[in-house]
Structure formats: C-alpha cells, structure tokens
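The next block holds one structure in the form of structure tokens; read it before the comments.
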Amino acid sequence: MSNKHGNLSINSDNIFPIIKKWLYSDHDIFYRELISNGCDAITKLKKLDLMGEYELPDDYEAKIQILVNPEEKTLKFIDNGLGMTADEVEEYINQIAFSGASDFLEKYKDKASEEQIIGHFGLGFYSAFMVADEVHIDSLSYQKDAVPVHWTCDGGTEFDMSDGSKTTVGTEITLFLNEDCLEFANEYRAKEVIQKYCSFMPTPIYLAKENAPEEYETIPADEVTEKDTVIENIVEEAKFEEQENEDGTKEQVEVSPRTEKAKIIKRPVALNDTHPLWAKHPNDCTDEEYKSFYRKVFQDYKEPLFWIHLNMDYPFNLKGILYFPKINTEYDSIEGTIKLYNNQVFIADNIKEVIPEFLMLLKGVIDCPDLPLNVSRSALQNDGFVQKISDYITKKVADKLSGMCKTDKESYEKYWDDISPFIKFGCLKDEKFCDKMNDYILFKNLDDKYLTLPECLKTEDESADAENTDNDSVNTDTDAADSADSEQAEDANSTEEKDTRKPVYYVTDRQQQGQYIKMFKEQNMDAVILDHNIDTSFITQLERRNEKIKFVRIDADLTDSMKEDVSEEDLKEAKDTLTETFRKALNNENLNVNVEKLKNADISSVITLSEEGRRMQDMMKMYGMAGMDPSMFGGDQTLILNANNQLVKYILEHKDSEHVPVFCEQLYDLALIANHPLTPDAMSKFVARSNQIMLLLAK
C-alpha cells in the first residue's frame, strides 16, 4: 500500500471540538472506550474461530495490555483481536460515526449465536482525542496475507496512512497525551480508572509501565508452567536437628524438608474479574461469595442484610445483584450506588431511566446488554423498553420482600427496622411497588410485636367487638329517655358525613407520649410505632390506597373506652365554668376546652390535636414553617380536663381563688409537656411556677 494522506469523512462540522468537550462528560472515559474496542475485536476473533472462518493458535490467550510511559508522555492500548486492514481503517476510522459491529453482525447474522457483540469503532475510538494531541494506530488483520497498517492523526481533520511494521494479529493504539492530561500516564491513576470502568470486562486487562525493569517472584518448582520465564532454580536442602529420645539415645530429626523453587519473571495479574458473580447462576453462588463481592465492589465492610440475584433471559437479557445495606438514617441522606453495566462494561452509577428512584438507596450491579445506549454509552434513550426493565426490577424486589415476609417472617422482622425507610420511600415513589407491598409492610406495636396491616385491622376489629359487647351489657337497662337522647344526638349528626374507616392508632415518640400510651394500655388498646420522618407522608399514601383504614395518633382524641358514660348535658355547666376560668387565666379567648369524666382519676388534663391539624404541623415543619399557627389550617388543639380529678374539681369549686390562675397555667403546661416539648421561654415559666406552687404547699 502506498502512503495515503487524506481528510476524515466527517458528518458534522468541527466534530473534534465537540468530542473533546461535550461528547463525554468525563475525560477518563476514553480508557473504557479504547479497552472496550479491544474486547470487541477479541470477541469477534473468537466468534470467527467458532464459525470456522479463522483458526486461533493453540497457545492463544486473549488479553488487553495497557502500557503507560510518563517519560515519553504516551499511553498504549494493545489487543490481540482480529485487527484491521487498510480498507477497514478507512471504513471504521476515517469515516466517523460508522459502527463496525452492525456491519459485522449483518455479514454473519445467520451464523452468529445469541451472544451480543458490542462494537463502537468510530466515535468510541475518537474519544482518545479528548486527552491526546496525536494518535497512532498500528494494526494487522487476521485475514490471510494481510498487510500491517500504520495510521496517524494529530487531532485535526487530516490523517496519514501507510504500511506498518506490526507482526502480530491485533491492534496497538498509541496516545501522545497533551500537557493537561499527563495524569493518565501515571501508573496509579491508570489503574484507578481501569478499575472504575473495566473491573468486569470479559477479557483480561493487564497494566504495566513501559520500559520498567523486570520484577521477579519465587514459586514452588512444580507450579512452573510453559508460559513462565525461569531465571534461576533454587534448591533448599532438608534441615536436621539432633534430638534426645526418652531412653537417652540421640538421633537426627528432619525439621525442614527439601524444597525446589524457581525464580521467575513476575507473572502479570489481570486488573479485572472476567467472570463476575452476577453472571453466575444464583444456585452456584455461596453467601460468602456474595459478601466478598459486596466488600470488593462497594468498599463497604459492614455486611449487607440480604440480597436479590436478578437472572433473566426473556423477554430481555438482564442479570445483577441488589444488596440491602443497613438503612437506619433519614431517608433523604442515604446514598446508595447501583452500578449499571452493558455486557460487563461499566456505564454509570445510578441511571434513573433504568433504575427506579427508590432503589437508589440500595447498592448493587445491573448488567443489561439489551439497553439502548447512545454513542457515548453513558446515557439511555427514555423509551418503553427501558421502562419495562425498570418495572421488572421493581417487581423482583417486591417479590423478594413479600416472599420473605410470607416464608421467613422471623428474618423479615429482624431486618425490618433497617429496611423500612427504603420500603416506605418506595411505596411513596412507585404505585406498583406500593400495591405489591401493601400487605407486607410491618408495624411494631406497643409490645414490640410486628404486625402487618391486615393484622392491625384484625386487632382493631377484635377490640371493637369486645367494646361493643361491654356496651351492650351496660346499655341493657337504659331507659327510654337515654334512647331518645341517643337518637337525638344521632339526628344532630345525620347531616355530617361519618368516617366509617377503622382507626389504626400510632405513636411517634414513646417517651413524649408516655401518658397517652399508659391510658391506652389501661384499656387494653394497642397502637403502632411510627417514629420516622417519612411516616407522615407514608400513612397518607396508605390511606389513599386503603379506603377502610384511618391512621390516628393516640393524642388526636380520647376514645370512648377511656371515658365514663356521661352525657354532654351533665357536663355542660362544668365545661362552661372551666372554659371561662382557663381562658381568663391563660389570657386566651380562643382556647378550646372540653370536660370529660375519665376512668383514670389521676389524669388531670390532656391536650389533643386533630389528626389533620397535626399532619399539617408536620408539613409546616418540613417546609420551615414551624412557627405558623396550625389553627389557620383547621388544626384544632383542645385542652381536655378530667372532671374526676381532684385538682380539676378544686378549680371548678374555687374558681375565684387567687391561686386558681397559677393552677390553670400549670395544668395547661403539664398537658402540653405530655404532648410536645415546651419552648425555652414556656419551660422557664413552668419551672418558676412549680417552685411557686411548692412554696404555697410549704406555708
């Protein structure tokens, strides 16, 4: 072939500035592209061998070699794949944006197996110009009587091509790095980038410093292979020591056997694992292998809770492993990592088009050769196929969790506290996931027992039945007047829409709501613990999807089982008097006051806040509006006074006493403390008032 000088066939004007600045977001991506091209070339050569189009040498060992040379400021990528002829260089390199793989597959479509062949000659190769001022290609095709080709380009639109001197089949690409990118010729930086993108590529990858002095290692002589270069054979004779026997005689005893070793040129060690764990069948993987893979890939030495091995061949090819790490912090600060691969080639972390947002809390790897990638292999077309993949992953995660709940609930309960934020976040973000998980969400009750939502409802039903039975026995002897009162009250409420949903009571702070918990337990009532900041949004979501339930915090109201059966008319006078007294003492004309006869006479006062009002408060806190008055949004805070309590009776009977205002303020603050922490100013006044009351008692 005569020397050739020409212009690159470029489909867009000024493509090199675009390649250098915009085509790839990370400059180190060129490592992945050039190594991928080498792997593709090797895959094709193996395919040709299988199809009888070419015969590989008996000692053929597929490999990619990267040689760094910081002194010469060069990088070399060497593969022993199928190589290129001058015509192929013209087609694949000089004509930018032509895919070699599509041409290859078309030619051999009747003979090729189902194995996918990724070939991104063209623009993938040109990523080299992001870091290099000049690039050389030396290639020798596998074809009989092929002539080696030498190609050079300095990053402009012109190239030179001539006969080369390469003697082995394959391709060698040399990058002459620009001054801004010399870091990539550093051996440690090169290793870092290769392990980032190429840790699981299917062809062994070796890295070395060009012209570095030979390194040696010593191995047992019987482990030497034909591939090893032996520098020296080392024989260490057996060692003996004289030992005295019990009868006083002495003898020579061997303490170190004779050994034969060989000093060899150090064997190269591949930087990648060509058979990653996710590519194996789940039945062939041990727990320790899963844990070891997790430590290696994610540098996390805390053991994962459990994992899901994805293994699908139809209707698309997808494999992977998703790990559940301990998730016990606030959901919005969790950082997971889902690594996406295409035929063992790393694409990117956390690609939202493929991986549902809530799964970003997990750690794992997903390999899908069928993904439609753009030219840079780092962004996905947002199409229906990708959505099917996302839906499949969501389904497999839901199936794993629901299956564990059904068949191994003990383990599921053990993991629940750690994984519940993830599951709740998933239910908020993905309706299909929420539907599948609805009956397998766990709630911890006051006795630290885990209940599913159906079990919570069953418990409430049983409690309601027991309560109805008691009420029936109490109401057996009620007279006609009571019945009339009941009917009248029912008529009064007939215009209001009744909420027939079953209540599921919950606690957000066991210590703060301790008084309410005590009241619940006294009545053999139960509640569940919902103490994560995601829970307010989560239970609202569950209520929308479960029309028969209503979540109610235990301080939203007092249930009938806690009160004596007394009509409102009997307490009207006390309510009017105490309302006036407390409003005046607290200087709050809008204070809602109610009077009940509670079964527990030790309780003097209780604050209740409607469920809607409390959720509005939580929402305001979330958006930095904690100082706003919840009553603006219909949040009714009510002070409930116990007419059976001695202190309340005293206030009722001595409303004009000079001490009553102090007692009213104290009862109100005591009720607040049981509901939520006091402000610093209110707490200071509470402490001072407590001292004042103790002085009154001391007189």
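The values are calculated or read from the model by the stated rules, or taken from the named source; none is laboratory data. Because the structure is predicted, anything quoted here is derived from the model rather than measured. Note that each Cβ is placed from the backbone with ideal geometry, even for glycine, and that neighbours are counted across all protein chains shown. Ligands, DNA and RNA are stripped out before the accessible areas are found, and what is left, the full protein with its side chains, is counted by its heavy atoms. Shrake-Rupley method; radii C 1.70, N 1.55, O 1.52, S 1.80 Å.
Database remark: amide H of V593 closer than 5 angstrom to the amide H of L639 (H placed geometrically; neighbours at sequence offset of 5 or more, or on other chains; Pro and chain starts carry no H). Between T168 and Q646, the simple spin-label model (points 7 angstrom out along Cα→Cβ) gives 9.8 nm.
Heavy-atom surface analysis with a 1.4 Å probe gives region 391-441 a carbon and sulfur content of 40 percent of its accessible area.
The GluC sites (Glu not before Pro) found in region 199-250 that occupy coil by DSSP, while having at most 13 further C-beta atoms within 10 Å, are E214, E215, E226, E237, E246. Charged neighbours of N644, selected by a Cβ distance under 11 Å, balance to +1 (K, R count +1; D, E count -1). Computed 3J(HN,Hα) for region 682-694, one whole-Hz value per residue from the Karplus formula 6.51 cos²θ - 1.76 cosθ + 1.60 where θ = phi - 60°, is 5, 5, 4, 5, 4, 5, 4, 5, 4, 5, 4, 5, 5, glycine and proline marked x. Counting protein heavy atoms only, region 215-351 has 43 percent of its accessible area on carbon and sulfur, 1.4 angstrom probe.
Think of a 1.4 Å ball rolled over the protein heavy atoms: region 145-294 then has 62 Å² of accessible area per residue. Under 5 Å between amide hydrogens, built in the peptide plane, is the criterion, and for Y54 it picks out D49 among residues at least 5 positions away or on other chains.
The phi-based Karplus calculation (6.51 cos²θ - 1.76 cosθ + 1.60; θ = phi - 60°) puts the 3J(HN,Hα) values of region 514-530 at x, 5, 5, 4, 4, 4, 5, 5, 4, 9, 6, 9, 10, 8, 10, 8, 10 Hz, whole numbers, x for Gly and Pro. Cα centroids of region 256-326 and region 180-216: how far apart, whole angstrom? Each part reduced to its Cα centre gives a spacing of 21 Å.
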